[in-house]
Amino acid sequence: MLKRTCIILACIVTLVFALGPVCSAASAPQPLKYAFVERVIDAYTLEVSIGRKLHTVRLLGLSPLESLKPEMLNKLGDLKVDNYVSTHAYNTFVYLEFDAEDRDFEDRLLAYVWLEKPEKRDASEVRTKMLNAKLLAEGYGQWMLTLPNYKYTSYLRSSGEEAQKKHLGIWSKSK
């Protein structure tokens, strides 16, 4: 039973990777939500206000902190990733973009956080304007697919893989 489940999951992931770039390029851009970052809860979680209502936002495309290996968590602490996120996002206006599911099981919003308003939403803009991708490109996180949310899968995955190849951040060889 477990083997069958793993095979099915592998097929789904393969299909998503195969269709990811096609789907992201072909689909119409989703409207963006304008939000103000009130607080950085942790490296991948923000508290934002949309209008007069507060929301907790979890960044899509990054592995949850609790799923990282202890040595990676230690490196994240040493790198002061929370400070990086605060420097780029705290006390500023951002644009939130949602994917297929906009909330997780903890009722947090799941979003791509744009630091500047995107125009084309292509690879160049994702790398330079999206907080999720910037964190991965700097080695401040491990990429993760969060099905059914896969709009920027190819861009986020390549950002994370590039950081790993360059031994940046959590991928550095130093202890």
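For segment 119-140 and segment 143-172, what is the separation of their C-alpha centers, rounded to whole Å?
10 Å
Hey, what's the Kirkwood Rh for segment 101-175 if you take every pair of different alpha carbons, in angstrom?
On the way: mean 1/r = 0.0767 Å⁻¹.
Computed over Cα pairs of segment 101-175, the Kirkwood hydrodynamic radius comes out at 13.0 Å.
Considering amide H positions built from the backbone, and no H for Pro or chain starts, which residues 5 or more places from Gln142, or on another chain, come under 5 Å of its amide H?
Ser63
Using only Cα atoms, locate the centre of segment 97-116 and the centre of segment 34-80, then give the distance between them in Å, rounded to an integer.
12 Å
GluC sites (Glu not before Pro), restricted to segment 93-175: which are DSSP loop and have at most 15 other Cβ atoms within 10 Å? Present the calculation step by step, with values, prior to reporting the outcome.
Working: sites: Glu97, Glu101, Glu106, Glu116, Glu119, Glu125, Glu138, Glu161, Glu162; in loops: Glu101, Glu106, Glu116, Glu119, Glu138.
Sparse-neighbourhood loop GluC sites (Glu not before Pro): Glu101, Glu106, Glu116, Glu119.
With the contact rule set at Cα under 8 Å and sequence spacing of 6 or more, what percent relative contact order holds for segment 30-152?
Numbers: 195 pairs, mean separation 35.1, N = 123.
Dividing the mean separation by the residue count of segment 30-152 yields 29 percent.
When every alpha-carbon pair in segment 30-171 is counted, what percent end up more than 24 Å apart? Intermediate results must be reported in sequence, preceding the final value.
Numbers: 2293 of 10011 pairs.
That tail contains 23 percent of the Cα-Cα pairs.
Computed from the coordinates by the stated procedures, all read-outs in this text should not be read as laboratory data. Because the structure is a prediction, the values reported are computed rather than measured. So basically every Cβ, Gly included, is an ideal-geometry build from the backbone, and we count neighbours across all protein chains shown.
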